[in-house]
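Before any comments, here is the structure.
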Amino acid sequence: MTTEASTDTTLTTDAKLKAIIAEQEEIFVRRQPKSQRLAEQAKQYLAGGVTSSWQITVPQPVWLSRGRGSKVWDVDGNEYVDLHGGYGAALAGHAHPAIAKAITDQAQNGTHFAQPTPDAVTVAHELARRFGLPSWRFANSGTEATMDAVHLMRSITGRDLIIKIEGCYHGHHDSVQVSVAPEEEDAGPREKPNSAPSSSGIPKAITDLTLIATFNDLDSVARLLDEHQGQIAGMILEPVMMNAGIIKPEPGYLANLKDLLHDHGALLTFDEVKTGLTVGPGGATQLFGVQPDIVCLAKSLGGGVPCGAIGGTAEVMGAIADGRYEQVGTFNGNPLTMAAARATLTQVLTMDAYSRFDHLGRLMMDGALEALQAAGLSAYCRRFGAKGCLVFNHEPVRDYREFLEIDNAPSHLHWLVQHNNGVFLPPWGKSEQWTLSAQHDLADAERFVTNVQRFALLAAGAR
Ligand SMILES: Cc1ncc(COP(=O)(O)O)c(C=O)c1O
């Protein structure tokens, strides 16, 4: 279910806000001396002192020791309501008894064969039911899933070019590491965005094969299809943009996009690595009633174990079945992953879980906006199922360029205040969103709202 609401007064940021942020960062570090020591020691053996560059958070990485239910604990013993959810993968919550049992049972019977096990059929069958796409394959991450999707679109059409949306992240393979979060000076003109490499190490020859369109703008796609007649294999996008806060598709956008691409012999891939299973039982595909040619899943599908999946139409997946495209991987369909995914889908992500997401998410949204409005701060909330975020802007944005305009400082302060008061949200300020789990409860939602009240008081003091 999609909901939004907003407050309508303006938040101002200045030196006072910076001083409040510095104070909160000091509190943050003071509460976590062991994390600080580990962060220092880790630099000796781990590049940058972490295991993925996204774990480098300001003012310092948070080192966790355990998780149970809706909570995680850091190495200093501080408890947090976990709304970070391992970047959205912990939709089942932590150490869920059904998933723990499935993993333990499988671990006692072997964790890897590189041969299919019966759970793979159960998982694929359940995904087919939820997403309405008949055929599935597995991988080990979202990156692998979107890489397979891009390869498949090229394999089936015999074309090399793809279209992606400016500001969308689809993993770290070459074809999609383009215009992920470009600064204004790299992004190019709004009406003709550049294909800007998102990291060093991405060959220009590959970057040039990825053309950039604007979210919610069909004309930007039509223009590329016309300019490159018969050369575009397909387009990949998040049906709800989730790495730029949350940006929803405008009515008719997804359906018209599909028609437009098909009219030009190109395919449509929904990257539902974040949205799939979180925004509803059958992801955005089911929510908006638009079936793409390919869906990519990962994150929450594995119930906390690494996973990835692609689902597709009979035509698309036929290219795998008949060997035109070799979709391979030693750990694809790993028995531990399949056991965890089976338990996640059949025992945890039930209709009750989706009612819970909606109920708690609504309480969080209403409580937060009430507090922000009372303090005279400008913000709106976007919410889809287990996902939601507060955006500190006077009006909802509809694409990446508008998102770029939003000041990051209020979001960073909000993150710090939540963290210092026992709620773990994903870092990276305005870009990320919360993920509820099947194990969150009313007290968790209330702790979040109380912290928004704390934030509102602090931020209002900066005006
Ligand atoms: C929309 C989207 N697609 C793909 C990925 C890549 O997934 P992974 O980190 O599992 O490779 C991510 C990761 O955050 C994502 O948000």
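Worth pointing out:
- Positions within the range 162-194 being in contact (Cβ under 8 Å) with a residue 40 or more places away in the chain and of a type in the set (K, R), in sequence order: K164, R190
- Residues located in the range 358-368, provided they are in contact with a Leu (Cβ under 9 Å, 6 or more places away or on another chain), farther than 13 Å from S437 by Cα and surrounded by fewer than 21 Cβ atoms within 10 Å (Cβ to Cβ): L363
- The residues in the range 285-308 that are away from the ligand (no atom under 11 Å from the Cβ) and of a type in the set (A, V, I, L, M, F, W, C) can be counted, and the count is 6.
- Inclusion of S355 among residues that are small (G, A, S), part of a helix (DSSP H, G or I) and buried (at least 24 other Cβ atoms within 10 Å of the Cβ) is not warranted.
- From L458, L436, L413, L442, residue being under 17 Å from the mean Cα position of the chain (by Cα) and of a type in the set (A, V, I, L, M): L436
- Pick from the range 222-272, criterion within 16 Å of the ligand (Cβ to nearest atom) and acidic (D, E), ranking: nearest to P182 (Cα to Cα): E238
- Some residue of the range 122-141 being free of Cβ contacts under 8 Å to residues at least 24 places away in the same chain, over 17 Å from I294 (Cα atoms) and away from the ligand (no atom under 16 Å from the Cβ): no
- Flag for E432 being under 30 Å from E191 (Cβ atoms) and either out of contact with any Leu (no Cβ under 9 Å at 6 or more places or on another chain) or polar (S, T, N, Q) (or both): no
A quick yes/no check of all residues on (1) touching a Cys at 6+ places or on another chain (Cβ under 6 Å); (2) of a type in the set (A, V, I, L, M); (3) touching a residue at least 60 places away in the same chain (Cβ under 8 Å):
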site: D322; (1), (2), (3): no, no, no
site: Q347; (1), (2), (3): no, no, yes
site: A353; (1), (2), (3): no, yes, yes
site: F357; (1), (2), (3): no, no, yes
site: L360; (1), (2), (3): no, yes, yes
site: G385; (1), (2), (3): no, no, yes
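- Condition check for Y87: touching an Asp or Glu at 6+ places or on another chain (Cβ under 9 Å) and outside any helix (DSSP H, G or I): no
- Residue list for the range 136-148, filter: surrounded by fewer than 22 Cβ atoms within 10 Å (Cβ to Cβ) and touching a strand residue (DSSP E or B) at 6+ places or on another chain (Cβ under 6 Å): N140, S141
- Failed item in (1) in contact with a Leu (Cβ under 7 Å, 6 or more places away or on another chain); (2) outside any loop (DSSP other than H, G, I, E, B), with L377 passing the rest: (2)
- Test result for T51, outside any helix (DSSP H, G or I) and loosely packed, with under 13 Cβ neighbours inside 10 Å: yes
- When residues of the range 432-449 are limited to those that are in contact with a strand residue (DSSP E or B) (Cβ under 9 Å, 6 or more places away or on another chain) and within 23 Å of S378 (Cα to Cα), the one modelled with the lowest pLDDT: E432
The values are calculated or read from the model by the stated rules, or taken from the named source; none is laboratory data. Since the structure is predicted, the reported quantities are computational estimates derived from the model, not experimental observations. Every residue, glycine among them, receives a Cβ derived from its backbone with ideal geometry; neighbour counts consider all protein chains shown.
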